[in-house]
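What follows is a short report on a single structure.
The values are calculated or read from the model by the stated rules, or taken from the named source; none is laboratory data. Computed from a predicted structure; not experimentally measured. Methodologically, a virtual Cβ is constructed for each residue, glycine included, from the backbone with ideal geometry; neighbour enumeration extends over all protein chains shown. Each accessible area value is taken on the protein alone, full model and side chains, heavy atoms only, with ligands, DNA and RNA left out. Shrake-Rupley method; radii C 1.70, N 1.55, O 1.52, S 1.80 Å.
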Amino acid sequence: MSKVVVVASGKGGVGKTTTTANIATGIALRGHKTVAIDFDVGLRNLDLILGCERRVVYDFVNVLKGEAKLNVALIRDKRVDNLFVLPASQTRDKEALETEGVGRVLNELKAMGFEYIICDSPAGIEKGAQMAMYFADEAIVVANPEVSSVRDADRVLGLLSAKTNHAETGTAIKTHLLLTRYSPAMVKKGEMLSVSDVLELLGIPLLGVIPESKAVLLSSNKGTPAVLDETSDVAQAYLDVVYRFLGEERVQRFIEEEKRGIMRRLFG
Amino acid sequence: MNVSTESRVARAPARSPGRPPAFELKGVMTSLAVMRPHTVDLALIQYQLHEKIANLPQFFQDAPVVLDLGAMPRGGLELPLSALIALLRDARLVPVAITNASDELRPMAVAEGLGVMPYRAARVPGRAATPAGVRAAAEAAAAAVVSRNNQNIENMQAEARALRERAQREASAISEGQTPGPTPGPTRVDSGAPTAAAGRPSMVVRHPVRSGQVIYAERSDLVVLGPVNPGGEVLADGHIHLYGTLRGRAIAGAQGYAGAQIFCQKLEAELVAVGGAYVLSDDIPADRRGRPSQILLADGECRIGPL
């Protein structure tokens, strides 16, 4: 049984690709055969974050156009078994995506035994984003605790409930909210929307909160998803998210400001 | 029976003080189908009319129709009026009056048994009477607020003047306890469809209305159980009932029905409008913000009161 999951946000720069990389890696670490697909045709990024950019020969668009076989275009991750990447084309544009071809590739991936197919949506609500969400069974909506991001997330939730295969056949997509770049200290000072503010507006279940952290930038630049270094709080937060996504109970963390112990205050 | 009635009528002038009035004569706003021909091609009109009637035959049968010639050059002088009237009667419509017509057509209309209605300025499509018009007015109003250009707002308020006159009349009718039973449909402008919404059930939306979504309850009331989020928009030709927080826009009486109201549990709207008059977020009184409220049209203005 395969699940197609779209990671979407509407707004750019909120952490879709980071989230895709970490969740796909985390699910694969749990032993599920997983593929991450970059739908951001023309602005290829996912391969960088996953550290496989030098191994890209063929891409998603090549497969859609029949110029390459799917199993040739798929890149197997060297660190994590069960993790595969289907990179975007850097030279084409979103018009290369069309419903029939995308559906065919997704079905082929299902037939190859992939349990989780994670679609990294481009920003915006245009064709690329619509193609990424069209066949999704579940959606992880990524937002920053900031009004414009929340409004864009709301817009995307509206599209998810209307412009997807599920919606057109009268069933609902399961939606999850992931709040990234969260800073409890700023919330406390009233400079950032709180988790409850965002939840009240969007009204969908909270999958998790990812704290604001330099670790994200470092791991992106290194091409090593944060979850592979379990010590950072971002890794912990994303692993919690993965467990919750796979149906396990985890208490929400990183919502309250952390009490700094005396040792950390002295030496931190 | 007849005899006694006649005799009572006959005696009435002498004894009229203290007697109950035999009838009321009132100017009421009622729903009428308005047909606005855009062409003198009667064959085309006939073809498209039959198509429309085929869609909703029960609405059209014996429905009174006003002929609005405002879209025709020279007040419709080139239009074969008698033939058009005959065409409508053949289609089992009841043409009752002409409006926006050239004065020279008046004798012909009267000879056909039609009344002549005064000019109806607010009926021009694209004015505040249509949902699009309300939206356009609202967007323009938002722009005007940004530029702090009050003149623009006044201009737009002037645009809705005809509607407001109706509003006053209807508001007073309602305050007299003559609340309409089934929501009367507003007068249709372009489509020529008849307007009585009698018996048309309310539209119920059970999901949140999210940013970018537009819900329009055409010729009926609208009930929304979830919130209306910022950037979301709900419109109804009748009333709007909102059980969640209203953070987006709500437009009741979208086709101009001035008796329409908005009822909401928590008012944090970007804009509320009733029958063409609107209030922007900044102008919502502080004591109503976040509270259960009702919005109605009174004295031509959009008023917000406690629920």
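Quick notes on this structure:
- Mean projected area (nm²) of the alpha-carbon convex hull when chain A is viewed from all directions: 14.2 nm²
- On association of chains B and A, roughly 900 Å² of accessible area becomes buried (total for both chains; probe 1.4 Å).
- Heavy-atom accessible area with a 1.4 Å probe sorts A:166, B:38, largest first, into B:38, A:166.
- Selection of GluC sites (Glu not before Pro), segment A:126-212, meeting DSSP coil and at most 12 other Cβ within 10 Å: A:126, A:191
- At 1.002 mPa s and 20 °C, Stokes D of segment A:1-126 from Kirkwood alpha-carbon radius, µm² per second: 151 µm²/s
- Legend: residues in segment B:198-231 shielded by at least 30 square angstrom of accessible surface upon adding the remaining protein chains to the isolated chain (1.4 Å probe, heavy atoms) are B:210, B:211, B:213, B:229, B:230.
- Accessible surface of residue B:82, taken over heavy atoms with a 1.4 Å probe and every protein chain present, rounds to 50 Å².
- Ordered by 1.4 Å accessible area with all protein chains kept, A:65, A:127, A:78 run largest first as A:78, A:65, A:127.
- Rolling a 1.4 Å probe across all protein chains gives residue B:225 an accessible area of roughly 70 Å².
- Taking Cα centre as origin and charging only the Cβ of basic (Lys, Arg, +1) and acidic (Asp, Glu, -1) residues, the dipole magnitude of segment A:1-56 rounds to 160 debye.
- For segment A:1-117, the share of accessible area belonging to carbon and sulfur comes to 45 percent (1.4 Å probe, ligands and nucleic acids excluded).
- Close amide-amide hydrogen proximity is noted between residue B:35 and B:66, B:67, B:68, each under 5 Å apart and 5 or more residues distant or on a separate chain (H modeled in the peptide plane; Pro and chain starts excluded).
- Residue-normalised accessible area of segment A:159-250, given per residue in Å² at a 1.4 Å probe: 49 Å²
- Built from the Cα atoms of segment A:117-266, the convex hull projects on average onto 10.5 nm², one quarter of its surface area.
- Where both bridge residues fall in chain A, DSSP classifies roughly 5% of the beta bridges as antiparallel.
- Cα gyration tensor category, rounded, prolate or oblate, for segment B:221-305 with a/c compared to 1.5: oblate
- Selected from A:52, A:106, A:32, residue furthest toward positive end of dipole (segment A:1-117; charges at beta carbon): A:32
- Straight-line cross-link reach from residue A:110 at under 18 Å between alpha-carbon atoms covers these lysines, not counting any fewer than eight positions away in the same chain: A:3, A:33, A:69.
- Solvent exposure, largest accessible area first (probe 1.4 Å, DNA, RNA and ligands not counted), of A:60, B:263: B:263, A:60
- Rounded to the nearest 20, the size of the Cβ-charge dipole of chain A about its Cα centre is 560 debye, with Lys and Arg at +1 and Asp and Glu at -1.
- Separation of segment B:217-258 and segment A:148-227, taken as the distance between their Cα centroids, equals 28 angstrom.
- From phi via Karplus (6.51, -1.76, 1.60), per-residue ³J(HN,Hα) for segment B:60-76 in Hz, x at Gly/Pro: 9, 5, 6, 7, x, 10, 9, 8, 9, 9, x, 8, 8, x, 6, x, x
- Under 5 Å from the amide H of residue B:261 lie the amide H atoms of B:239, B:240, each residue being 5 or more positions distant or on a separate chain, with H modelled from the backbone and absent for Pro and chain starts.
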